[in-house]
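Have a look at the structure below before the remarks.
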């Protein structure tokens, strides 16, 4: 099990560490700030490596569009995705659920050519968040998904 503290904005944005699947009992935790991010460093399956960027258009306490930009690599092939959903930095669970839904209904079916296989967030690293509170609110990280294909 892996535990570490992260800044509140990191966590709110780290909904990039979004990919929650209902396997909490087997999951490792990274967290801090306003909640807990669920990862499973031991998740079995094909590893997809990539980058996730979230860009938030609302204020910290307001609903707004959250844009995501994701690049994933499976074997020698790379895939790029972008989309948006409405959310609030303060609604961590809602944002995690929305991003998980996007991955399950759009991202993985595009890669696997059909229905979404089961997946878990295996890891998150190299996080980048802004330190200027007056600038844009965004988050970038390298992610690893474990897909049971």
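Across the range 47-145, Cα pairs under 8 Å and at least six residues apart give a relative contact order of 31 percent.
Can you compute the FRET efficiency between residue 82 and residue 125 using 1/(1 + (r/R0)^6), with r the Cβ-Cβ distance and R0 = 22 Å? Round to the nearest 0.05. Calculated transfer efficiency: 0.50.
Note on residue 149 and residue 67: the extension gain reaches 26.8 nm, defined as 0.36 nm multiplied by sequence separation minus the Cα-Cα distance.
Would you list the P(r) distribution for the range 57-149, with all Cα-Cα distances sorted into 5 Å bins from 0 and each bin expressed as a whole %? P(r) for the range 57-149, in whole percents per bin: 3, 12, 20, 25, 20, 11, 7, 3, 0. The slack in the chain from residue 110 to residue 46, taken as 0.36 nm per residue of separation less the alpha-carbon distance, amounts to 21.5 nm.
All of the numbers you see were taken from the coordinates with simple rules; none came from a lab. Because the structure is a prediction, the values reported are computed rather than measured. Backbone-built Cβ (ideal geometry, glycine too); neighbour counts: all protein chains shown.
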